[in-house]
1. Suppose R0 equals 35 Å. What FRET efficiency, 1/(1 + (r/R0)^6) with r the Cβ-Cβ distance, do Phe209 and Glu372 give to the nearest 0.05?
2. For the range 21-264, give the magnitude of the charge dipole about the Cα centre (Cβ charges: +1 Lys/Arg, -1 Asp/Glu; no others), in debye to the nearest 20.
3. For Asn278, what charge total do you get from the other residues with a beta carbon under 13 Å from its beta carbon, if Lys and Arg give +1 and Asp and Glu give -1?
4. Filter Lys64/Lys311; Lys237/Lys343; Lys323/Lys401; Lys175/Lys228; Lys74/Lys138 down to the pairs with a C-alpha to C-alpha distance above 28 Å, please.
5. About its Cα centre, how strong a charge dipole does the chain have in debye, to the nearest 20, once Lys and Arg get +1 and Asp and Glu get -1 at the Cβ?
6. Let me check against my output: what whole-number percent is the relative contact order of the range 212-263, with C-alpha pairs under 8 Å and at least 6 apart?
7. Given axes a ≥ b ≥ c from the Cα gyration tensor, I'd like to know whether the chain is rounded (a/c under 1.5), prolate (a/b larger than b/c) or oblate.
8. Which of the aspartates and glutamates could a cross-linker bridge to Lys133, judged by Cα under 13 Å and excluding same-chain residues fewer than eight apart?
Amino acid sequence: MSIVTFLTRAWLTRSIRPFTFTDEYDEVLPYSDCSRLGLYVHIPFCRSVCDFCPYCKELYSEEKMNKYIDALIKEIHFVGGQHEGKKTVTSLYFGGGTPALAADRIGEIISALSEHFDITDGIGIELHPTNVKPDVLKKLKDAGVDKISIGIQSFLEKYIKTLGRTGVDADALKKALSEVRFQTVSADLIFALPDQTFEDLKYDIDKVFDIGANHVAAYPFIDFTFTKSNVKAMSKKKKRALMDQMTRYFEEKGCYRSSIWTFSTDSDAKYSSMTRDNFLGFGCSATTLLKDQFKINTFFVDEYCRRIENKTLPTSLTLRFRKRQRMVYYLFWTAYGTRVPVKDFEEFFGVPLKKAYGFEIWVAKLLGFIKEEDGALVMTLKGAFYYHYYENFYTLAYIDKMWGLMRKEAFPKSMIL
Ligand SMILES: C[S@@+](CC[C@H](N)C(=O)[O-])C[C@H]1O[C@@H](n2cnc3c(N)ncnc32)[C@H](O)[C@@H]1O
Ligand code: SF4
């Protein structure tokens, strides 16, 4: 861990104690009292595997996927049955891997969840561009999905080649998306690829709106240490210039910024599985965030199925938060949405935000990172860049280390971050 990450954490948590995860876990998850709870389901299969991708996934086979989904439905009933009656939840997101490969069984998974949860804010799912076909889209829509996210990355052959993916047929996507409509059509773009220019990025942005997207998630390329990719990340200076140009371009187009990396043409188009106060995660590698704990399921499909067969939860590691650690975690992910409503923090922790972090807020305002607007702390363009800069440290200090270990061992004894 870099000295910057260590000192920032020690300062904000008012402690030098690390985040300690252990293999001790709750068989009954304390989610009944959680408000604004979201759901996440992980489907870890892809038709081909990209070298740069850090997510938990393996090559698709119909047999493996069906066995996995049978286990997943059991996990949903184990956990869902722990709450008496139906629990109201916000949104449900399917991520992966490529969850759209399970289009034939998405309805079954949603039905299992609906036995235990009332979903109020809609259902989203990730697709690979090759899944964007009218029959697949129709199956998803019939199952209740109203938000889709397509992993475009780039339309330009040179970057598709750099990333080792196959080209995207923009006309076919446009046609399919005009035949089957969704409330949110989000497109993922990866930017800050080697030698990428603003003109190239502009081309991709214009093109995603042209095929029918109303929401864009533009992620800077991250070079994870454990992936096989040899694509190098762009220098900080060039990346900052590109990010600022990109943000201004979205603003000029009249887009609404819904998080650090997402922009939409209308404020109803939403797609975010990250910025939720609490969530329950089902499936391999899925994480669960509750009032005072964060847990992560095993990354190994066979071990996951074995645990479920033995009627135990597939939890690999659990972190029990101390209050300040939870506050920092809460602020980090709420800030990702670029707005931190002051009242929500107080409701969650029973302490006014300005009492907990008055000095830090004063410094952040002084440095021009945030401003106060309608009862919320709102990130400025400068703040968004430094958030990203810090997020890069966070990704390498925490996510890279955590996922690196979880990919090696199904059930490690502990992990100290
Ligand atoms: C689960 S995938 C999306 C769905 C589908 N599997 C696909 O690739 O089209 C999630 C997204 O993470 C982003 N991503 C993956 N690896 C990344 C990396 N190394 N740096 C930045 N973004 C990355 C990509 O934009 C990708 O679309
Ligand atoms: S980027 Fe998408 S298709 Fe490629 S390996 Fe990752 S999850 Fe699978």
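No lab work stands behind these numbers, since they all come straight from the coordinates. Since the structure is predicted, the reported quantities are computational estimates derived from the model, not experimental observations. Here Cβ is always computed from backbone atoms with ideal geometry, including for glycine, and neighbour counts include all displayed protein chains.
1. Using R0 = 35 Å, I get an efficiency of 0.65.
2. So the magnitude is around 920 debye.
3. Once positives and negatives cancel, what remains is +1.
4. Exceeds cut-off: Lys237/Lys343; Lys175/Lys228.
5. Charge dipole, the chain, about its Cα centre: 1340 debye, nearest 20.
6. 50
7. Judged from the Cα gyration tensor, the chain comes out rounded (a/c under 1.5).
8. Filter leaves Asp169, Asp171, Glu179.
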